[in-house]
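We did not get these values from a lab; they are worked out from the coordinates using the rules stated. Predicted, not measured: the structure shown is a model, and the values here were computed from it. Here the Cβ positions follow ideal geometry from the backbone for every residue, glycine too, while neighbour counts run over all protein chains shown.
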Ligand SMILES: Cc1cc2nc3c(=O)[nH]c(=O)nc-3n(C[C@H](O)[C@H](O)[C@H](O)COP(=O)(O)O)c2cc1C
C-alpha cells in the first residue's frame with residue numbers, strides 16, 4: 001500500500017480545487033501579505049491579519065494614521081485613564097481597505113486570501129471598530145474572514161447588511177464545541193452557518209483558547225472529534241479545519257483521513273523568507289529547544305500565550321503607548337497599564353527595580369517584533385532546515401515549506 005500524502009487531497013470550494021493547507025493569521029505582520037500571496041499562488045489559503053492595521057498601513061502606504069492619533073491625544077500620555085483615546089472609525093476603514101485591496105489585486109486566482117480578525121482587539125470601542133474592520137475587508141474584496149480570539153457573538157450582526165455577506169467564506173477559530181455552539185446560535189438568526197470552523201488545539205502559537213491550567217490536559221484530536229460530533233448531531237454542514245501542532249504532511253493526512261477538510265498551520269512558516277519576523281528572530285526560533293518555550297500570562301488580554309522564554313517583551317518597562325496604538329484598550333483600560341503603574345510605584349517608594357514582570361505592552365512589543373510568540377513544536381524547526389558554514393541556519397522559502405507539507409512522507 002502506498003503512503004498517502006497531503007497532495008492526494010483537495011478542498012473544493014466554489015469552482016476551486018484548493019490544496020487543503022491553510023497558513024493561519026499571525027499578527028502583527030508575521031503572516032505578511034507576501035506570505036499570504038505566495039500561499040495563494042501555490043493553491044492554498046493564506047492569511048493576512050488586521051492587527052495594528054493603522055501601523056501596517058503607515059508602513060506600507062506612507063499614510064499617517066498613527067501620528068494623527070498620537071497628536072490628537074498627546075496631552076493624555078501621562079494620564080492613566082485612556083477612555084477618551086479613540087480610533088477614528090473612518091481611518092480604520094481606510095487603512096483596512098487600502099491593505100486588503102492591495103493584496104487582493106495581486107492575488108493569484110488559484111488560491112485564496114483570508115483576513116484574521118481578533119475580537120480581543122477591542123480598540124476602546126469594540127463594536128464600531130470591529131464593524132469598520134470587517135466591512136472594509138469585505139468591500140476591498142477579501143475572499144474570507146477568520147474570526148478569532150473571542151466568541152464573536154455580535155460579529156455577524158455587524159456584517160449581515162454587507163452586499164458580500166453571503167459571498168465571502170466566513171469562519172471562526174474555536175477550541176471547544178461549547179464555543180462553537182454559542183456562535184452557531186447567534187449565526188442561525190442570520191441564516192448564516194459558518195463556511196468553515198478552525199479547530200485549534202493547545203499546541204498552537206499566539207494566544208490559546210484554553211486556561212493556563214487546562215491546556216496541558218487538552219488535546220487536538222479529542223477536540224476535533226467533539227466538534228465533528230457536535231456538527232453531525234446538529235446538522236451543521238461546515239468545513240472542519242484542524243490547527244495546532246500539525247508539523248508534517250503526515251500529521252495533516254492523519255486528520256484528512258478522519259474527516260477534516262483541511263489543516264491550518266503556522267509555526268513551520270514563521271521561518272519562511274516571506275514571513276515578517278526579522279532574520280535574527282527567525283534564527284532564534286530555529287535554535288530554540290523545548291526548554292526555551294513556555295505558555296505564560298503576560299498578554300494583557302488575559303489569554304495564555306505561548307512564546308520563547310527569551311522574548312524581550314517579558315519583563316520590560318515600556319511606557320504605555322496607547323495614544324499611538326491602544327488596540328487592546330477596553331473602556332479606557334488595559335491590564336498592562338495597571339501593572340506598569342504598580343511597578344513604577346514600587347520602584348519609587350520601595351526602590352524595587354522598575355520591571356513590569358507580569359504583563360507586557362503587547363501592541364508595542366508586537367509592533368517591534370519583540371514578542372516571540374510561537375507554536376509548541378518550534379523546537380523541531382531545526383530539523384526542517386540545515387546549518388550553513390557560518391553557523392547560521394538556512395531560511396527556506398514558503399514554497400519549500402509548502403511542498404514539504406504536500407509531499408512529505410515522514
Ligand atoms: C507567530 C504566531 C502568531 C500567531 N498569531 C495569531 C493571530 O494573530 N491570530 C490568530 O488567530 N492566531 C494566531 N496564531 C495561531 C495560528 O494562526 C495557527 O492557528 C496555529 O499556530 C497553528 O498551529 P501551529 O503553529 O502549530 O502550526 C499565531 C501563531 C503563531 C505561530
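For region 1-142, take N as its residue count and report Rg(C-alpha) divided by 2.2 N^0.38 Å.
In units of the 2.2 N^0.38 Å rule of thumb, it is 1.25.
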Footprinting exposure proxy for 402, 247 (fewest neighbouring C-beta atoms within 10 Å first)
247, 402
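For every helix of n ≥ 4 consecutive DSSP H residues, a contribution of -39,500 (n - 2.57) applies; sum these over the chain, divide by its total residues, and give [θ] at 222 nm rounded to the nearest 500 deg cm²/dmol.
The per-residue figure over the chain is -10000 deg cm²/dmol.
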Full-extension gain between residue 4 and residue 182, please, as 0.36 nm times their residue separation minus the C-alpha to C-alpha distance.
60.5 nm
For 65, 114, what ranking results if the residue with the fewest other Cβ atoms within 10 Å of its Cβ goes first?
65, 114
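Place the peptides 144-151, 75-82, 394-401 in order of packing, highest mean first, counting for every residue the other Cβ atoms within 10 Å and averaging per peptide. Numbers along the way, then the final one.
Details: 144-151: 22.9, 75-82: 13.2, 394-401: 17.4.
In decreasing order of mean packing, 144-151, 75-82, 394-401 become 144-151, 394-401, 75-82.
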Which value results for Rg/Rh of region 6-407 when Rg is the Cα radius of gyration and Rh the Kirkwood radius based on the inverse mean 1/r?
0.95
Run through the DSSP bridge list for the chain and note the antiparallel percent, rounded to the nearest 5.
30 percent
Quick one: work out the % antiparallel among DSSP beta bridges in region 228-365, nearest 5.
60 percent
In which sequence would 268, 189 go, from the one with the fewest C-beta neighbours within 10 Å to the one with the most?
189, 268
The chain: relative contact order in percent, alpha carbon pairs under 8 Å with at least 6 residues between
20 percent
Taking the Cβ-Cβ separation of residue 71 and residue 295 as r and a Förster radius of 51 Å, what is the calculated FRET efficiency to the nearest 0.05?
0.85
